[in-house]
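Chemist: I'd like to ask some things about the structure below.
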């Protein structure tokens, strides 16, 4: 479901044709409205409504509190037509209405009486929306490819944006891969009137009051109810539904809750687990769960209506998957080996007729937050006696080492050199530097400022925040444009991705709950474990290790080595790639290919991170040079 349109003195008829052709995912004709000074279009199921008052509304996504809005408006509210409902909501509350909308959505409102265009996105950015200026006009489209189809929009690479991506810095909400094309930030609306653009932030969760409840059990019940509603409103009324299912708390919570609710309707759930090849050699003592299939099967086995599907990571070609995902996402995708199993899940789900796939990528910062930012917070507040008691609990009950606890508590307040000296004394590797995880060319990093921006952070956002757990989670939640992530997956598969753990109500609840609840009793992620008691197997609740996605990643790299070498050769002929990427380093990595020891941290950093991310960025740059336009599938 996508949107396009514009406002200003131009004739937008031809522009709508170009944008909708570039955006379309199906053979369905777009729905269009052309006014004197504005135009709107919806594609692939988006909604368009012309209100008698002079409003024109285009809407894409879900509106999860439609019933509440209709109740506030009165008995005549058009609850069945989301675009019409937004028109009534706008007439009642004006620009204040957008903060009242809950769901994953993007919308455009043309107000004929005020002669203004309003664009809006939901709080967490579940649907993308991009815009650009063209002389006195403003044009917009769900994805950049719609705007790039217009001859008046320049196709110039935004080097600052790419540098920040390569350095894994939090993205600035408006920047995209193209100069002059802006992303409307999540939780904002834009007003275009009298030739001027104004951005207004609507979602301000940092100001939420702390939630003080009488009993620990009250927090558990509040989050349990919120989880159930977040899943319920994301289940379609009909059609096949699937969910990711790992050995972790988040996907287990979503899959189990969805299976329970679907069982009441006599429906089934497809549960997908990505697994490495059988017999994978995993070094003794290495952290993590290399194969999550067995533990995931325990959850699936509790629900008769859950069909468990194992997807091997060897289901596709690395470089082919990388190119497909880059094109669909309009950006380099840096989790290159994950594109193999993710693409295989899409293909299998599409064959089974799945229309909605649930995931839990936002859970680490919401539902299953570990609460460990409380440690530096106690240091900052001078509550050292309380810190000592908490660390004892975490060591005894949570299994956290004293050195790690010391680093978590005091590390953010120490300079990087002192932190690394302490790590050296205890036999640990130095903290991550930019060159440890990025293939960015050093001069390019200096020129764009990312070398300075990453210095002294050890690769961790937390070292800049010094114990502000709420700000840490918000910054991490909004680090990337999730709307384009999901739009890219829809473009690849035709399947709608939905994350219940990024429901605005659930996110706000988790941000308002005191951090101590998340590590109550000295157990990180304590709140999620208590919420899930009785819903998922005890083995899942007791597990402290994290799953290792694509644990056999190096086998995929080895199989793709000839294609990797060929890609680097092509990049060495690209002036743009040579200016941005450290191609000599990538060439050395391929020439010095390891025969074993792939699980060693320094090898994994060099190949999975530096080489993998460098290749993805290189493919993106070469696509940019060759076509100067993100290709459509």
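The values are calculated or read from the model by the stated rules, or taken from the named source; none is laboratory data. Note that the coordinates shown come from a computational prediction; the quantities given were computed from them, not determined experimentally. We place every Cβ from the backbone using ideal geometry, glycine too, and count neighbours over all the protein chains shown.
Chemist: Could you figure out which of (1) in contact (Cβ under 8 Å) with a residue 12 or more places away in the chain; (2) surrounded by fewer than 23 Cβ atoms within 10 Å (Cβ to Cβ); (3) out of contact with any helix residue (DSSP H, G or I) (no Cβ under 9 Å at 6 or more places or on another chain) isn't true of residue 102?
Modeler: Checking residue 102 against (1) in contact (Cβ under 8 Å) with a residue 12 or more places away in the chain; (2) surrounded by fewer than 23 Cβ atoms within 10 Å (Cβ to Cβ); (3) out of contact with any helix residue (DSSP H, G or I) (no Cβ under 9 Å at 6 or more places or on another chain), the one that fails is (3).
Chemist: Go through 328, 300 for me and flag whichever is in a helix (DSSP H, G or I) and either within 19 Å of residue 540 (Cβ to Cβ) or without any contact (Cβ under 8 Å) to a residue 60 or more places away in the chain (or both).
Modeler: 300
Chemist: Taking segment 376-394 only, how many residues are in contact with a helix residue (DSSP H, G or I) (Cβ under 7 Å, 6 or more places away or on another chain), in contact (Cβ under 8 Å) with a residue 24 or more places away in the chain and either in the same structural domain as residue 518 (by TED's automatic domain parsing) or farther than 12 Å from residue 522 by Cα (or both)?
Modeler: Of the residues in that region, 4 qualify.
Chemist: If a residue must be part of a helix (DSSP H, G or I) and touching a helix residue (DSSP H, G or I) at 6+ places or on another chain (Cβ under 7 Å), how many such residues does segment 586-610 contain? Break it down into steps so the answer makes sense when it comes.
Modeler: The first filter runs over segment 586-610 and keeps only residues part of a helix (DSSP H, G or I), leaving 586-591, 601-610.
The next check asks that each one be touching a helix residue (DSSP H, G or I) at 6+ places or on another chain (Cβ under 7 Å); those that pass are 586-587, 589-590, 605-610.
So the answer is 10.
Chemist: If you don't mind, another one. Can you find even one residue in segment 395-402 that is over 30 Å from residue 236 (Cβ atoms), touching a helix residue (DSSP H, G or I) at 6+ places or on another chain (Cβ under 7 Å), part of a helix (DSSP H, G or I) and touching a residue at least 24 places away in the same chain (Cβ under 8 Å)?
Modeler: yes
Chemist: Keeping to segment 560-577, report how many residues are in a helix (DSSP H, G or I) and touching a residue at least 40 places away in the same chain (Cβ under 8 Å). Talk me through it step by step, then tell me what you get.
Modeler: Within segment 560-577, the first condition is being in a helix (DSSP H, G or I), and the residues that meet it are 561-571, 575-577.
If we keep only those that are touching a residue at least 40 places away in the same chain (Cβ under 8 Å) as well, we get 563-564, 567-568, 570-571, 576-577.
Total satisfying the criteria: 8.
Chemist: Using the structure shown, decide if residue 346 is part of a loop (DSSP other than H, G, I, E, B) and in the same structural domain as residue 311 (by TED's automatic domain parsing).
Modeler: No; evaluated as a whole, the condition is false for this residue.
Chemist: On to the next question. Looking at segment 258-269, which of its residues are buried (at least 22 other Cβ atoms within 10 Å of the Cβ) and touching a helix residue (DSSP H, G or I) at 6+ places or on another chain (Cβ under 7 Å)?
Modeler: Within segment 258-269, 258, 269 qualify.
Yes/no per residue for (1) exposed (fewer than 14 other Cβ atoms within 10 Å of the Cβ); (2) assigned to a strand (DSSP E or B); (3) in the same structural domain as residue 500 (by TED's automatic domain parsing):
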residue: 163; (1), (2), (3): no, no, no
residue: 169; (1), (2), (3): no, no, no
residue: 186; (1), (2), (3): no, no, no
residue: 191; (1), (2), (3): no, yes, no
residue: 209; (1), (2), (3): yes, no, no
residue: 222; (1), (2), (3): no, no, yes
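Chemist: Give 516, 544 a once-over and let me know the one that is more than 30 Å from residue 125 (Cα to Cα), in contact (Cβ under 8 Å) with a residue 24 or more places away in the chain and either surrounded by fewer than 20 Cβ atoms within 10 Å (Cβ to Cβ) or assigned by TED's automatic domain parsing to the domain that holds residue 447 (or both). Before the answer, list the steps.
Modeler: Values: 516 fails: more than 30 Å from residue 125 (Cα to Cα).
Selected residue: 544, the only one of 516, 544 that is more than 30 Å from residue 125 (Cα to Cα), in contact (Cβ under 8 Å) with a residue 24 or more places away in the chain and either surrounded by fewer than 20 Cβ atoms within 10 Å (Cβ to Cβ) or assigned by TED's automatic domain parsing to the domain that holds residue 447 (or both).
Chemist: Would you point out which residue out of 255, 242 is crowded, with 24+ Cβ neighbours inside 10 Å, assigned by TED's automatic domain parsing to the domain that holds residue 499 and in a helix (DSSP H, G or I)?
Modeler: So the residue among 255, 242 that is crowded, with 24+ Cβ neighbours inside 10 Å, assigned by TED's automatic domain parsing to the domain that holds residue 499 and in a helix (DSSP H, G or I) is 255.
Chemist: Then there is this: So residue 280 clears everything in (1) more than 26 Å from the chain's Cα centre (by Cα); (2) in contact (Cβ under 8 Å) with a residue 24 or more places away in the chain; (3) closer than 24 Å to residue 529 by Cα except one condition, right? Which one?
Modeler: That leaves (3) as the condition not met.
Chemist: Could you tell me which residue of segment 132-146 is surrounded by the fewest Cβ atoms within 10 Å (Cβ to Cβ), considering only residues that are in contact (Cβ under 8 Å) with a residue 60 or more places away in the chain and in contact with a helix residue (DSSP H, G or I) (Cβ under 7 Å, 6 or more places away or on another chain)?
Modeler: 145
Chemist: Considering every residue within segment 583-601, establish whether at least one is modelled with pLDDT of 90 or more, over 19 Å from residue 314 (Cα atoms) and within 29 Å of the chain's Cα centre (by Cα).
Modeler: yes
Chemist: Quick one: how many residues across segment 34-57 are part of a strand (DSSP E or B) and either touching a residue at least 60 places away in the same chain (Cβ under 8 Å) or touching a helix residue (DSSP H, G or I) at 6+ places or on another chain (Cβ under 7 Å) (or both)?
Modeler: 11
Chemist: Of all residues being in contact with a strand residue (DSSP E or B) (Cβ under 8 Å, 6 or more places away or on another chain) and surrounded by fewer than 17 Cβ atoms within 10 Å (Cβ to Cβ) in segment 51-84, which is nearest to residue 124 (Cα to Cα)? Just the residue, please.
Modeler: Residue satisfying both the conditions and the ranking: 81.
Chemist: Being on the phi < 0 side of the Ramachandran plot and outside any strand (DSSP E or B) is the filter here, so list the residues in segment 171-184 that pass it. If you could, list the steps in order and put the result at the bottom.
Modeler: In the first step, residues of segment 171-184 are kept if they are on the phi < 0 side of the Ramachandran plot; the result is 171-179, 181-184.
Result: 171, 172, 173, 174, 175, 176, 177, 179, 181, 184.
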